[in-house]
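I have placed the structure first, in the form of structure tokens, so that the comments after it can refer back to it.
None of the figures in this text is laboratory data; all of them are computed from the coordinates on show. Since the model is a prediction, treat every value here as computed from it, not as a measurement. Cβ sites come from the backbone with ideal geometry, for glycine too, and all protein chains shown count toward neighbours.
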Amino acid sequence: MIFAIVRTALIGLRRDRGALALSFILPIAFFTIFAVIFGGRRDTTPKVSLLVVDEDHSVASERLIQGLEREGSLSVKKRPAPKQGVEQPNYTAATAEAAVKAGAAPVALIIPHGFGENPISFGRADQDRPTIQLLKDSSDMVAPQVIAGLLQKVAMTAMPDIMAEQGSKYMDEYAGGFTPEQRKRIDAGLEALRKRKSAESSGQQTALADPNRGMPIALTSRDVVGENKDNPMVSFYAAAIGVMFLLFTASSAGGSLLDEAESGTLDRVLSSRVTMGTLLGGKLCFCSLLAFAQLVLMFIWAWLVFKLDFIPHIPGFVVMGLSTAFAVGAFGMVLASICRTRAQLGPLSTLVILIMSSIGGSMFPRFLMPEAMQKAGLLTINAWAIDGFTKVFWRDEPVSHLWPQVLVLLGVGVVLCAVARRLARRWEYS
Amino acid sequence: MASAPVVSIPSPLLLLPLRIEGLVKRFGELTAVNGVTLELKSGECLGLLGPNGAGKSTLIRSIVGRVIPDAGTVSVFGERADSAGARMALGWVPQELALYPKLTCRENLESFGEYHGLRRGALKTAVAWCLAWAALTDRAQEPVKNLSGGMKRRLNMAAGLIHRPKLILMDEPTVGVDPQSRNRIFEMIENLRDEGISMIYTTHYMEEAERLCDRIAIIDHGRIIALGTRDELVRNAFASRSEVLARFASADDSVAAWVKQRGGLYENGMAQFTIDHATEIAGLLDAATKAGHELADISLRKPNLESVFLHLTGRELRD
């Protein structure tokens with residue numbers, strides 16, 4: 001009897017292609033995507049982009065940069081990519097900051113004039129000593145930490161002689177031979193260390209919060225993007241999660257076409273004055289409006305609960321929201337037009353949307369992905385929508401800067417509409 | 001001398017509610033409609049009678065413009081079947097419950113009314129008329145999914161009439177309906193007939209066709225095999241003859257062979273013979289006894305549409 005039940009269920013599964021796909025293809029597809037992103041294949045490990053500005057042009061600064069360039073996990077750029085074959089000038093502090101603000105790289109390192117005279121600080125970031133500046137986009141929480149760590153490592157490995165020379169200088173400066181006076185100073189230093197340790201244990205934050213403590217190279221870091229934001233990742237997640245669910249909503253709304261086709265209502269509607277084009281147009285409007293309403297709700301919630309800076313960004317939000325909603329609505333139409341039944345639509349839309357969302361950045365930021373995956377992500381609605389919303393809410397860019405995202409989303413929407421219209425011909429006549 | 005203005009007078013033929021000429025529709029190897037030619041007179045109710053799969057629904061869908069014929073023409077009040085004019089003149093009640101289940105009766109009617117171009121006052125009036133016609137006024141705010149099967153059928157019919165068409169196509173509107181609801185539907189259709197609306201009514205129930213239709217077209221394998229009033233069909237098939245229905249004690253192949261040999265039809269254990277006079281029954285009984293076939297039951301009846309269909313096709317209507 002149990003065998004009969006199992007056999008019946010197996011036959012049912014075998015004949016339900018959607019369930020089969022969900023059971024076997026979707027897990028493999030997801031495993032593959034995540035394995036490519038996080039699997040640690042050497043050729044696909046993501047590199048952190050770093051812009052470097054050398055204002056010092058000293059031996060020390062050049063060797064530091066060479067050391068950074070040798071790091072396999074960094075992609076060091078001293079100048080922007082050539083435009084129309086014309087080499088661009090090296091970054092300056094201002095252009096590097098602008099580039100970080102524009103999202104060209106998450107971090108820029110400014111090596112100031114005079115750095116080479118006293119490159120090693122051993123933990124002291126003096127006011128009168130030129131200090132390397134790290135300009136960062138705090139939406140990328142990983143890259144600045146990686147660069148700060150690698151900078152110290154490179155200082156140790158790429159400049160050993162300079163370190164030794166600097167060490168002896170400090171010895172001269174502070175020790176001057178172990179006279180009673182030296183002993184007194186060393187004791188005082190030790191006492192200071194003890195006090196520091198004691199303060200650490202009691203959780204006091206005074207000078208101990210200095211991130212350069214114990215590091216060979218002093219570093220000051222500054223957020224150049226989102227420095228005034230209360231909650232840096234909220235706008236990202238509002239867009240990322242929002243777009244993913246928009247896709248699900250649109251696919252479900254588009255599925256009403258299939259319901260109507262199956263019930264015969266579509267035939268009745270098309271026997272009236274309503275044409276297939278009008279019907280698709282109406283459905284597209286509905287899907288898009290629904291998607292836009294969902295976005296509005298999501299961002300208002302983020303504003304009320306998570307202090308997202310919504311009000312000043314309403315124009316940009318409306319532009320991006322409408323473009324995204326249109327593309328997503330058209331996507332729902334295509335999915336519905338491809339499928340023959342509602343039963344087919346469910347698994348197919350789940351498969352497509354989850355894959356789009358994972359490579360398009362709805363599940364985790366694209367900047368964490370290997371470069372190839374980041375590029376693949378650009379084939380998805382998610383990536384362009386998230387990029388646009390990030391420009392609006394994170395980078396505070398004006399509406400006019402949204403044209404690439406808007407153009408792509410509208411273009412995708414138009415193409416998908418044309419595809420849906422073509423596929424919907426099967427419903428027009430038999 | 002200036003010529004007189006030419007006044008275009010429509011031909012009476014063009015003004016027929018429906019005119020079908022040589023209609024053919026194939027689906028792959030299957031010819032669903034095979035050279036149908038048909039005319040519907042104004043105010044007439046024409047029944048399309050045939051078994052499942054005979055081609056009735058395909059013919060109806062061709063008239064509505066939902067099927068592109070492989071050959072032939074369909075004109076509705078002189079206009080091509082899928083033209084805007086034809087769509088306005090036509091009302092279609094599909095076999096399926098083509099409604100929005102989550103919407104109320106009123107909302108469904110309003111939606112279909114708007115799809116037909118009705119607005120504001122006209123829409124309101126049409127919805128009220130439809131609700132009253134379908135006896136659903138008191139259920140107007142009820143979602144369709146909560147209605148009984150008969151109510152859904154009535155609403156399905158009303159939705160096809162929301163724009164008050166002059167020609168109505170009803171595709172088996174009583175499928176799956178209990179006898180009480182069926183009678184209610186018959187009354188609704190008779191109301192439409194009284195208003196002089198032209199109608200095509202497809203069914204595989206002969207009693208519906210006999211009750212509601214002025215003329216009946218018997219359709220089988222995509223062809224119209226007989227067309228006329230009920231009496232004409234019977235007269236053409238049987239003249240003044242009567243039918244003898246006989247059931248034998250055994251239903252083996254020898255009985256079927258004997259019935260066929262005597263010029264009768266044998267279907268589902270029942271033999272049917274056509275006789276000119278009742279006196280012929282005695283001879284039939286003698287012959288059966290001599291052939292060794294014991295009769296279990298015998299009856300004499302006047303032929304009906306079912307008899308006509310069996311006579312014409314050798315099959316029963318509900319096969």
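Counting Cβ atoms of other protein chains within 10 Å of each Cβ in B:231-241 and taking the mean gives 0. Give A:153/A:391; A:153/A:184; A:153/A:375; B:56/B:166; A:307/A:391; B:260/B:290 a once-over and call out the pairs whose C-alpha atoms are over 27 Å from each other. Over 27 Å apart, Cα to Cα: A:153/A:391; A:153/A:184; A:153/A:375. How big is the Kirkwood radius of the protein assembly as shown, worked out from every pair of different alpha carbons and given in Å to one decimal? In the protein assembly as shown this quantity evaluates to 33.7 Å.
Counting Cβ atoms of other protein chains within 10 Å of each Cβ in B:89-102 and taking the mean gives 3. Packing around the peptides A:407-418, A:256-267, taken as the average count of other Cβ atoms within 10 Å per residue, puts them in this order, highest first: A:256-267, A:407-418. When the trypsin sites (Lys or Arg not before Pro) in segment A:340-386 are filtered for DSSP coil states and for at most 14 other beta-carbon atoms within 10 Å of their beta-carbon, the remaining sites are A:340. Counting Cβ atoms of other protein chains within 10 Å of each Cβ in A:261-267 and taking the mean gives 5.
If you plug the beta carbon distance of residue B:125 and residue A:368 into 1/(1 + (r/R0)^6) with R0 = 51 Å, you get a FRET efficiency near 0.20. Note on residue B:30 and residue A:275: their simple-model spin labels are 3.1 nm apart, each label 7 Å out from Cα toward Cβ. Between residue B:71 and residue B:142, the contour length at 0.36 nm per residue exceeds the alpha carbon distance by 21.1 nm. Kirkwood radius, segment B:189-319, all distinct C-alpha pairs, inverse of mean reciprocal distance: 16.3 Å.
Summarising the label geometry, the points placed 7 Å from Cα in the beta-carbon direction at residue B:21 and residue A:430 lie 2.8 nm from one another. Placing pseudo-labels 7 Å out from each Cα toward the beta carbon at residue B:180 and residue A:141 gives an inter-label distance of 6.7 nm. Divided by 2.2 N^0.38 Å, where N counts the residues, the Cα radius of gyration of segment A:288-430 comes to 1.12.
Sorting A:2, B:168, B:225, A:33 by the number of Cβ atoms found within 10 Å of their own Cβ, with the fewest placed first, yields A:2, B:225, A:33, B:168.
For chain B, complete DSSP H runs whose alpha carbons reach 18 Å or more along their own long axis and whose mean Kyte-Doolittle score is 0.0 or higher are B:120-133. Given R₀ = 60 Å, FRET efficiency for residue A:17-residue B:249 by Cβ-Cβ distance, to 0.05? The computed FRET efficiency comes out at 0.65. Restricting attention to the protein assembly as shown, close to 55% of DSSP beta bridges with both partner residues there are antiparallel. Against the empirical 2.2 N^0.38 Å (N residues), chain B has a Cα radius of gyration ratio of 1.20. Sorted ascending by nearby beta carbons within 10 Å, beginning with the fewest, A:16, B:194, B:220 become B:194, A:16, B:220.
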